[in-house]
Amino acid sequence: MTNLTRTGAVLVTLLLAAGCSRSMPSFESSGPAPLTPAPRQQVAARQLPPPPPPAAPSTSQNSPFESETDVMANETDQTGQNASVDGSTNQETKVASVSSGPISRNSVLGAYKVTTTGGNCQIILSLTKWTGGYRAASRGCPGAVADVSAWDVSGNQVVLKDSGGSNVANLSSSGGSRYEGRTKSGQPISLYR
C-alpha cells in the first residue's frame, strides 16, 4: 500500500509541475497591438447561370480541328503517297491540332502519363537545359519511348528526343493537357495528365 501511495504522490507532483511549467507570455506591456476584427457581412447565395451550349458542327468538308497546313499535308501526290507542304513525301500520319497557335514550354512542363504501343508509363518534362532541348525523364516506358531524355516545343508540336538529340516522337495538342502523335517508327503515343 505504501508503494501505491508513493506512486500516486509522485504522479500528482509531476502533473502539478507540468501544469506550472506552461506559461503564456504577456503582451500587455510590450508586443503588437491587437488587431481590429474584420466586419462580418452576410454571404449571398444565388444560382449559377447554365453552361453555354456546345458549338454547332461545322458544315465544311474539313475537320474544324485541321489547319490549312494539315489539309495540304494530307493531300496525295501522283505516287499515292502523302505530300507535305514542302513537296517531300511524308510517311507519318499527322494528328490534327486543337490549338490554333504555338504551344508554350511552360504550358507543357510537368509530369504526364503516357499510353503507347506496348504499355503505359510516365514522362516528366522539366526546364533544365539538355542535349536537344530540355531535360525529360521516362519511367517504365516500352520501346523507343524508353529512350526519351529531352523535349522541346516546335511551333504547335511537342517534340520528344533521345540523348543524342534525335526525334523520338512528335505530338500535337488534342485539347487541355493532352498531346497525341506518333513515334519515329510510326507507333501512336499519347501524353495526358
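Amide H to amide H distances under 5 Å link residue 156 with 103, where only residues 5 or more positions off or on other chains count and H is placed in the peptide plane. Listed values for the range 154-171 are Karplus-derived 3J(HN,Hα) couplings in whole Hz (6.51 cos²θ - 1.76 cosθ + 1.60, θ = phi - 60°), namely 10, x, 10, 10, 9, 10, 9, 10, 8, 5, x, x, 7, 5, 9, 7, 10, 10, and x replaces Gly and Pro. The Cα atoms of the range 122-193 define a convex hull whose projected area, averaged across directions, is 4.4 nm².
Most tightly packed first, judged by the mean number of other beta-carbon atoms within 10 Å of their residues, the peptides 173-179, 5-11 read 173-179, 5-11. Once backbone amide H atoms are built at 1.01 Å from N, residue 111 has 125 as its partners under 5 Å, excluding neighbours fewer than 5 places away on the same chain.
Among residues other than residue 143 with Cβ under 13 Å from its Cβ, the summed charge is 0 (Lys and Arg +1, Asp and Glu -1).
Applying 0.36 nm per residue to the separation of residue 156 and residue 15 and subtracting their alpha-carbon distance, the gain on full extension is 43.8 nm.
No value in this document is a laboratory result; all are computed from the given coordinates. Just so we're clear, the structure is a prediction, and the values are computed from it rather than from any experiment. Virtual Cβ from ideal backbone geometry, glycine too; neighbours counted across all protein chains shown.
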